[in-house]
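Asker: Below is a structure I'd like to ask you about.
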Amino acid sequence: MKSHHGILPFICFLLAVTGLFFLTSCGNEGATNQGSQGALGNDAASQVYVAPGEYDEFYAFMSGGFSGQISVYGLPSGRQFKVIPVFSVDPEKGYGFNEETKPMLNTSHGFVPWDDAHHPELSQTKGETDGRWIFINGNNTPRIARIDLTTFETAEIIEIPNSGGNHSSPFTTENTEYVVAGTRFGVPYPQSDVAINSYAENFKGMLTYVKIGKEGEMDIAFQVLLPAFDYDLAHSGKGNSHGWTFFTTYNTEEKNSLLEVSASQNDKDFIAAVNWKKAEEYLAQGKFKEVPANYAHNVYNEKTHSATSTMMKTVKVLTPADCPGLVYFLPTPKSPHGVDVDPTGEYIIGNGKLSADLTVHSFTKMIAAIEAGSFETTIAGIPVLKFDEVVAGVVKDAGLGPLHTEFDANGNAYTSFFITSEVVKWRVGTWEVLDKAATFYSIGHLMIPGGDSKKPQGKYLVALNKITKDRYLPTGPELCHAAQLYDISGDKMKLLLDFPTIGEPHYAQGISADRITPNVKKFYAIEENEHPFKALGEKDTRVERQGNTVHIYMTSIRSHFAPDNIEGVKVGDKVYIHLTNLEQDWDVPHGLAVMGANTAELLVMPGQTETMLWEPTAEGVYPFYCTDFCSALHQEMQGYIRVSPQSSSIALKWSLGEEEPVQ
Amino acid sequence: MKYKLKNNDALSPLLWRGWGRLFMTLAALGLLTLFLFPMWRITLIAPQYPQGVTMHIWINKIGGESKSTIQNINILNHYVGMKYIEPDAIPELKYFPYIIVGMVVLGLGAAFSNRRQLFLAWGILMVLLAAAGIYDFYLWEYDYGHSLSATAPIKIPGASFQPPLIGSKLILNFTAISMPHISGYLAGLSIFLAFAAWWLKSKFDKKHEKTAAANTAAHRLSTIA
């Protein structure tokens with residue numbers, strides 16, 4: 001009895017504990033779900049739901065990171081519309097494969113089929129995004145590209161000389177007077193065969209200003225020669241600070257090995273403040289040195305539908321020691337990564353990535369300190385301002401590893417913290433932390449539409465994350481990178497949506513769709529086609545031979561190519577197939593693929609001419625066909641090219657239907 | 001009399017002697033709008049053409065909302081073997097303009113003569129011409145809709161692709177809507193103005209005759225007296 005009495009409470013106790021365990025574990029699971037999936041209870045789904053056939057409110061342009069491209073998304077839905085080929089070849093569109101776009105990827109190192117694209121930046125007028133162009137930097141082989149937002153195609157690429165790793169780029173000035181490029185690597189100046197450990201002595205760091213013309217055309221106006229620090233990120237001033245650009249630096253230790261340790265020793269690195277209006281004065285006074293250089297300037301012409309590459313041979317260099325007032329250094333703690341200027345232009349935020357704090361400099365105080373001439377020291381002729389005299393405030397203990405800051409229209413700032421994987425909302429001026437939101441995982445950049453301009457538009461914030469781990473169905477060792485959308489219209493940030501991106505989305509830009517859609521081109525007017533190998537109608541189609549080069553002037557219209565039977569091509573010929581798409585309607589591209597061609601397809605928009613170079617290596621009859629489902633008779637859109645032996649005397653012959661020559 | 005007005009006061013501004021001539025002049029000149037705007041339109045709507053493809057028929061040409069409309073319609077038509085619309089092959093587009101210019105001249109002549117019978121005659125002639133034009137339009141539509149190529153990729157036994165004369169009709173996956181367009185309506189207004197000119201002139205003439213008769217009678221009476 002005793003034992004019986006004794007065991008019953010024990011069993012009850014066990015049951016109770018087990019029950020409690022189940023309860024708590026369920027509770028935990030519930031909490032985890034809620035925490036990681038956002039406040040579904042608050043109807044996040046309907047906030048991101050764009051009904052079929054409806055349009056998104058914003059465009060988002062995401063860098064494709066190591067894909068080298070830009071991808072275009074809609075917000076709030078997170079739907080992807082297009083991948084714009086920029087720095088990398090894209091066989092889907094024939095970019096870098098067809099004869100017309102190969103020159104776009106020319107550099108001083110020859111044809112480079114790939115790059116690492118980091119920071120898209122929309123053009124601005126009066127500090128507001130205007131929807132004309134978007135620029136993006138190529139990090140590896142230093143370049144800047146301009147994408148035309150009427151066609152969503154890359155219009156121009158300029159190489160940046162005397163640079164290595166174009167990371168602090170392109171970051172426009174408030175009327176798109178310039179986009180900038182700052183070298184992430186110190187490199188020998190001029191580039192030469194020197195010992196790597198002669199870094200401090202032979203290496204330099206170059207900042208570049210690319211002038212933007214009325215039609216968007218790019219031209220390197222000048223470069224500023226600086227010590228071989230690593231120039232990390234940049235943003236231009238606005239309002240009162242218009243006329244200045246701010247570049248962050250790390251490795252002010254000027255080390256060339258094991259940087260993760262050696263470049264993290266200085267307690268403070270610098271933000272370099274460059275007065276580009278002053279630079280314009282010095283240029284006008286002739287205080288520059290015109291030095292030899294070799295860099296490619298590639299321009300795509302929308303009338304000839306072809307790119308040309310021109311090698312540029314000199315560049316103008318300004319040296320701060322000769323140009324007082326051109327550059328100042330603002331000491332900023334712990335290897336600042338992003339530098340962001342608030343919409344008023346007064347505050348310059350240094351995101352010290354190895355720190356828990358954010359340092360905010362005041363533009364007004366900076367000007368006062370410059371006027372007072374109270375400098376801590378001078379490096380290579382560049383005055384270093386006193387930290388205490390320029391700092392406006394510190395956002396304390398907000399998180400760990402601040403990287404980037406964007407702004408809303410209501411005086412709030414949002415900073416990404418990589419190490420603690422969160423976005424922190426704080427108040428500009430009071431520096432108090434208002435809210436924190438977790439990201440999944442390891443946020444890098446963040447973006448609010450217009451969030452780096454004078455007029456942020458955003459009610460949304462996009463977190464651009466480096467790691468997804470368990471957020472999606474697994475796809476083997478390589479997982480997608482991803483973005484997360486937050487509603488920032490209320491006091492508290494609210495996670496709405498996860499969506500995967502291509503490559504690694506570094507920075508992104510957002511803009512309300514109505515600034516772009518009225519100007520979007522639907523097709524190219526065929527009467528404006530100035531391609532040297534165009535065929536403006538089937539009567540113009542023909543095949544011509546010059547030695548072992550054969551030019552096929554071909555057209556496409558639903559649902560046939562003209563001509564579609566070609567004979568007289570020989571092994572060893574260089575066959576240029578110039579395909580003009582005669583269609584004049586929206587959304588009717590035609591593709592062209594030739595069996596065995598050692599290149600990608602053509603994908604020709606209406607009114608456009610594109611050229612495939614095909615070098616047949618064996619005799620036979622080669623089918624070709626339309627690759628883009630164009631019509632009910634798309635599958636019939638096909639033809640043959642007969643390839644005869646080199647010794648053959650067969651004459652050129654071409655036809656469409658009825659076996660009759662087209663002529 | 002129910003409609004008799006006191007001294008014709010209310011009607012008298014309407015019976016200003018110049019109204020008939022003015023209306024007839026406007027009627028004649030109104031036809032010139034046929035050279036400024038399309039007179040008819042045919043719109044094809046399908047899910048993949050949400051804005052539709054709209055062809056414009058002018059007195060002297062065939063066009064569309066964009067330069068490429070005819071090409072795009074021809075591309076659609078070729079699937080079912082319809083003939084290409086080639087404006088150069090339609091003689092009416094060449095001689096109709098002369099008829100219209102002739103009618104403008106005749107209308108101005110009628111206005112100059114200020115004779116109500118000529119107003120009426122011009123109006124009736126216009127109605128006959130419009131009827132003939134619409135019948136001709138029907139014949140062309142019939143021809144395009146029925147004369148199909150024997151080698152058409154898509155053959156649908158018994159199907160006709162004739163667009164409606166006026167109104168809307170489902171043709172395969174397209175809704176075809178055929179309606180007068182700006183200058184078509186304005187030409188209709190011209191016809192209306194011609195008849196209005198005739199009516200006003202008739203009213204004026206009758207009143208004038210009545211007054212003249214009354215005056216004559218009064219004169220006679222006074223003479224007799």
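Asker: Condition check: in contact with a Lys or Arg (Cβ under 9 Å, 6 or more places away or on another chain) and either at pLDDT below 95 or buried (at least 21 other Cβ atoms within 10 Å of the Cβ) (or both). Does A:Lys289 satisfy that? So that I can check it myself, show each step before the final result.
Answerer: Numbers: in contact with a Lys or Arg (Cβ under 9 Å, 6 or more places away or on another chain): yes; either at pLDDT below 95 or buried (at least 21 other Cβ atoms within 10 Å of the Cβ) (or both): no.
In short, no.
Asker: Can you tell which of B:Ser160, B:Ser178, B:Ser183 is hydroxyl-bearing (Ser, Thr, Tyr) and within 30 Å of B:Gly18 (Cα to Cα)? Outline the logic, then answer.
Answerer: On the way: B:Ser160 fails: within 30 Å of B:Gly18 (Cα to Cα); B:Ser178 fails: within 30 Å of B:Gly18 (Cα to Cα).
None of the others qualify; the one that does is B:Ser183.
Asker: Between residues in region B:143-162 that are within 14 Å of chain A (Cβ to nearest Cβ) and residues that are part of a helix (DSSP H, G or I), which pairs lie under 9 Å by C-beta distance while being six or more apart or on different chains?
Answerer: If the second residue must be part of a helix (DSSP H, G or I), the pairs left are B:Ser149/B:His78; B:Ala152/B:His78; B:Pro153/A:Glu636; B:Pro153/B:His78.
Asker: Further, regarding this structure: Which one of these does A:Ser309 not meet: (1) in contact with a helix residue (DSSP H, G or I) (Cβ under 6 Å, 6 or more places away or on another chain); (2) buried (at least 21 other Cβ atoms within 10 Å of the Cβ); (3) within 23 Å of A:Gln223 (Cα to Cα)?
Answerer: (2)
Asker: So which of A:Ala368, A:Ala296, A:Ala392 ends up being of a type outside the set (Val, Ile, Thr) and in a helix (DSSP H, G or I)? Step through it out loud before you land on a result.
Answerer: Values: A:Ala296 fails: in a helix (DSSP H, G or I); A:Ala392 fails: in a helix (DSSP H, G or I).
On inspection, the qualifying residue turns out to be A:Ala368.
Asker: Among strands (runs of 3 or more DSSP E) lying entirely in region A:45-127, which contain 2 or more residues that are among the aliphatic types (A, V, I, L, M) and either at pLDDT 95 or above or buried (at least 19 other Cβ atoms within 10 Å of the Cβ) (or both)?
Answerer: On the way: elements: A:58-63, A:70-75, A:80-84, A:121-125.
Per the criteria, A:58-63, A:70-75, A:80-84.
Asker: Let me spell it out: the conditions are (1) at pLDDT below 95; (2) part of a helix (DSSP H, G or I); (3) touching a Gly at 6+ places or on another chain (Cβ under 9 Å), and B:Leu118 meets all of them except one. Which number is the exception?
Answerer: Result: B:Leu118 fails condition (1) only.
Asker: Residues of region A:164-185 being of a type in the set (Ser, Thr, Tyr) and not in a loop (DSSP other than H, G, I, E, B), which ones? Walk me through it before giving the result.
Answerer: At the first step, the residues of region A:164-185 found to be of a type in the set (Ser, Thr, Tyr) are A:168-169, A:172-173, A:176, A:178, A:183.
Hits for region A:164-185 are A:Tyr178, A:Thr183.
Residues are listed down the side, and each one gets a yes or a no for (1) crowded, with 17+ Cβ neighbours inside 10 Å; (2) under 25 Å from B:Ser149 (Cα atoms); (3) within 19 Å of the chain's Cα centre (by Cα); (4) of a type in the set (D, E, K, R):
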{"site": "B:Thr43", "(1), (2), (3), (4)": "yes, yes, no, no"}
{"site": "B:Met55", "(1), (2), (3), (4)": "yes, yes, yes, no"}
{"site": "B:Ser68", "(1), (2), (3), (4)": "yes, yes, no, no"}
{"site": "B:Tyr95", "(1), (2), (3), (4)": "no, no, yes, no"}
{"site": "B:Ile99", "(1), (2), (3), (4)": "no, no, yes, no"}
{"site": "B:Gly102", "(1), (2), (3), (4)": "no, no, yes, no"}
{"site": "B:Trp122", "(1), (2), (3), (4)": "yes, no, yes, no"}
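Asker: Ok, one more. Quick check on region B:121-128. Is at least one of its residues among the β-branched types (Val, Ile, Thr) and more than 20 Å from B:Leu93 (Cβ to Cβ)? Spell out the reasoning first.
Answerer: Within region B:121-128, the subset among the β-branched types (Val, Ile, Thr) is B:124, B:127.
So of that shortlist, the ones also more than 20 Å from B:Leu93 (Cβ to Cβ) come out as B:124, B:127.
So far as region B:121-128 goes, yes, one or more of its residues are among the β-branched types (Val, Ile, Thr) and more than 20 Å from B:Leu93 (Cβ to Cβ).
Asker: Can I ask one more? Just to be sure, is B:Leu106 closer than 19 Å to B:Thr25 by Cα and either within 14 Å of chain A (Cβ to nearest Cβ) or not in a loop (DSSP other than H, G, I, E, B) (or both)?
Answerer: yes
Asker: Continuing with the same structure: Do we find that B:Tyr79 is of a type outside the set (A, V, I, L, M), more than 25 Å from B:Phe195 (Cβ to Cβ) and more than 14 Å from chain A (Cβ to nearest Cβ) in this structure? Before the answer, list the steps.
Answerer: Numbers: of a type outside the set (A, V, I, L, M): yes; more than 25 Å from B:Phe195 (Cβ to Cβ): yes; more than 14 Å from chain A (Cβ to nearest Cβ): no.
Here the answer is no, as B:Tyr79 does not meet what is asked.
Asker: So if I check each of B:Ala27, B:Ala10, which one is surrounded by 15 or more Cβ atoms within 10 Å (Cβ to Cβ) and either at pLDDT below 90 or touching a Gly at 6+ places or on another chain (Cβ under 9 Å) (or both)? Full working, then the answer.
Answerer: Details: B:Ala10 fails: surrounded by 15 or more Cβ atoms within 10 Å (Cβ to Cβ).
Within the list B:Ala27, B:Ala10, the selection yields B:Ala27.
Asker: Which of the residues that make up region A:410-435 are of a type in the set (A, V, I, L, M, F, W, C) and in a loop (DSSP other than H, G, I, E, B)? Full working, then the answer.
Answerer: Our first condition is that a residue be of a type in the set (A, V, I, L, M, F, W, C); within region A:410-435, this holds for A:413, A:417-419, A:423-424, A:426, A:428, A:431, A:433-434.
A:Phe418, A:Ile419, A:Val428, A:Trp431, listed by residue number.
Asker: Looking at region B:59-76, can you tell me whether even one residue there is aliphatic (A, V, I, L, M) and away from chain A (no Cβ under 14 Å)?
Answerer: From region B:59-76, those aliphatic (A, V, I, L, M) are B:59, B:62, B:70, B:73, B:75-76; that's our starting set.
Applying the additional criterion that residues be away from chain A (no Cβ under 14 Å) yields B:59, B:62.
Yes - at least one qualifying residue is present in region B:59-76.
The values are calculated or read from the model by the stated rules, or taken from the named source; none is laboratory data. Owing to the predicted nature of the structure, the values given are computational and were not obtained by experimental measurement. Every residue, glycine among them, receives a Cβ derived from its backbone with ideal geometry; neighbour counts consider all protein chains shown.
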